[in-house]
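Only the coordinates and a few stated rules stand behind these numbers; no lab work does. Nothing here was measured: the structure is a model prediction, and the numbers come from that model. Note that each Cβ is placed from the backbone with ideal geometry, even for glycine, and that neighbours are counted across all protein chains shown.
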Amino acid sequence: MYQDLLLLARTIEYTPIGIVVLRTDGKVHYVNRFAEQMFNQSRETLLGKIIDHSVSDYTGKVTWEEIWTAMLQGELAEASVVIEPPGKDATVCKVQSFFIKGNENYQDSLALIFRDMTQDIRITDQIEKKNLEMAKMNSELIRSNAEWKRVSEMKSNFLSIASHELKTPLTSIKGYSDIIIDNMKDKLDGSIYRMIESINRAADRLHKVVNNILDVTRIEQKRLRLKPELLDLRAVIYDCIDELAQFSLKRNITFTCNIPDSLPSFYGDKMRMQQVFTNLFSNALKYSPDGSSVWVSVSLEESDKFHIIVKDNGIGIDKTEQKNIFYPFYEVGSVNSHSTSYSSFMGGGTGLGLSIVKGIVERHGGRIWVASDGVKENTFPGSEFHITMPVQAEIHWDDDETRALYIDRMEPQSYIEENLPHVDEKPTILFIDSDREAVEIARMVLESAFDILVAESGESGLTMALQHKPSIILLDSYLPGLDGYRLCRILRTQEETRDTPIAFFSAGTQNDEIQKCFASGADDFVVKPFSGRELVDKIWRILMKKKEGQFN
């Protein structure tokens, strides 16, 4: 029994918790060793004394005397206090109490258990500080994200408006020049005809720049959409080389190809892949000296990956610039600074091509990088562009993809007339469009096979549609007054036009614009500037679908 009591006494004495026993008058009757350390005073100093000068309530709401009196009376079981011992930093403690009932041998007492919470509070404070910092960072991120979305939306709106405003006059320039080239060659003086051809080529270049800007935006917003099909990589590459033949022959630059005949077919977007190789090949030609060569090789790695290399012996790319060339609007150095008396370079551009190439390659599940020893005076170290691309890339079909870049050159009027649908009674097309030039070009292409009606505002278009019940309605999204989207929704609610095929006829080619068109009830989309062939094909398909009952 004695040994047990001794063990209990030593346990209380050496436990790492402060234990203090007070008499009913508040004077200290017992302290253990840990309590001595907490108060930074010896047992002899503390015994028989009241310790209210050393302890205060952590909340600051009551005095220590009120705390222990409430504990003594059983009104308070625990409290948080700060011990402020002489010559030592303050300690934050949680105090728990229990009453010890006295008898004839000893008085009533109050036992206090002090648990040091300083480290816990310090950690809690640090956590709260970190939480505040994280909350601040999160708030800043939310603001930044909101600002990014606002700027992104502003950019998208700007590009939408800019592309529409640029493509609207392009429709007239391109359309009229195509008609003149295809149908009036024999009636024009040679110099005038060449000027018309120059105008046509300039319109094509401007159209390409506008589309490149839109492509960069789509890539940045991860909205580049593809029309995948089974492709022959060898054929795609040779088609691009043939397209640049006139340019390469003019500068006596030859293409040397090492492409196996037995390459597997792969799933990809033909137009986009042609865009990749045309850009890489034209860059190789631009930055290479006359009389040089461009090498193209394709190999199959691990049986499931193409490795394509496009190499030139041109001016090279400085190592400090190689990491930047795939960013939009970045151009490699000054072309003139690399020119020598032994070579003639043809450079320049918008700095968008390689960023678009990278976006297309990555959209096909591939990777692109450049290797070059840099630019060296009077030598031509050249550059190598490497592409690795899976044979079986997972690419989803996008039915709503804009056809802006799929426009073929306008075919001769003979083709158009041969491919217009021949019916006993002329169908009626209602154009609702304030762009008179675009409508006039469409009229010239279609009037031999269709009756053409024209309205220049949404309100007048609605009236004419209900009155004449046309076979097809083509409307612009940008209309004065009642815009195209609202007009399309209204037409879909009217009995006279509920089942009438409707196609938007617009220069707006942002993905969200096209989606808005289909969401408003449209059946198809014709992009300005348009080609005669595309317009004929669209209308033919719409008529066939209507005949087969697909619009009902």
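Once you have a ≥ b ≥ c as the square roots of the Cα gyration tensor eigenvalues for region 178-294, tell me rounded if a/c is under 1.5, and otherwise prolate or oblate according to whether a/b is larger than b/c.
Details: a/c = 1.88, a/b = 1.32, b/c = 1.42.
Oblate is the answer for region 178-294, as a/c is 1.5 or above yet b/c matches or exceeds a/b.
Exposure proxy check: 270, 167 ranked by fewest other beta carbons within 10 Å?
Details: 270 18, 167 26.
Neighbour counts put them in this order, fewest first: 270, 167.
Among residues other than residue 275 whose Cβ falls under 13 Å from its Cβ, what is the net charge (Lys/Arg +1, Asp/Glu -1)?
My count for the surroundings of residue 275 gives +3.
With label points built 7 Å along Cα→Cβ from the Cα atoms of residue 103 and residue 149, find their separation and express it in nm.
7.4
So, counting K/R as plus one and D/E as minus one, what does the shell of residues with Cβ under 14 Å around residue 436 add up to?
-4
Between residue 232 and residue 369, 0.36 nm times their residue separation minus their Cα-Cα distance comes to what?
Result for the pair: 47.0 nm of gain on full extension.
Around residue 458, what is the net charge, scoring Lys/Arg as +1 and Asp/Glu as -1 over all other residues with Cβ under 13 Å from its Cβ?
-3
Points 7 angstrom from Cα along the Cβ direction at residue 126 and residue 166: gap in nanometres?
5.6
Go ahead and run the numbers for FRET between residue 188 and residue 436, Cβ-Cβ distance against an R0 of 22 Å, rounding to 0.05. It would help to have the intermediate numbers written out before the result.
On the way: r = 25 Å, r/R0 = 1.12.
After rounding, the FRET efficiency stands at 0.35.
Full extension from residue 254 to residue 499: what is 0.36 nm times the residue separation minus their Cα-Cα distance, to one decimal in nm?
Roughly 82.5 nm would be gained on extension.
How far apart, in nanometres, would the label points at residue 209 and residue 197 be if each is projected 7 angstrom from Cα along the Cα-to-Cβ direction?
Result for the modelled spin labels: 2.3 nm.
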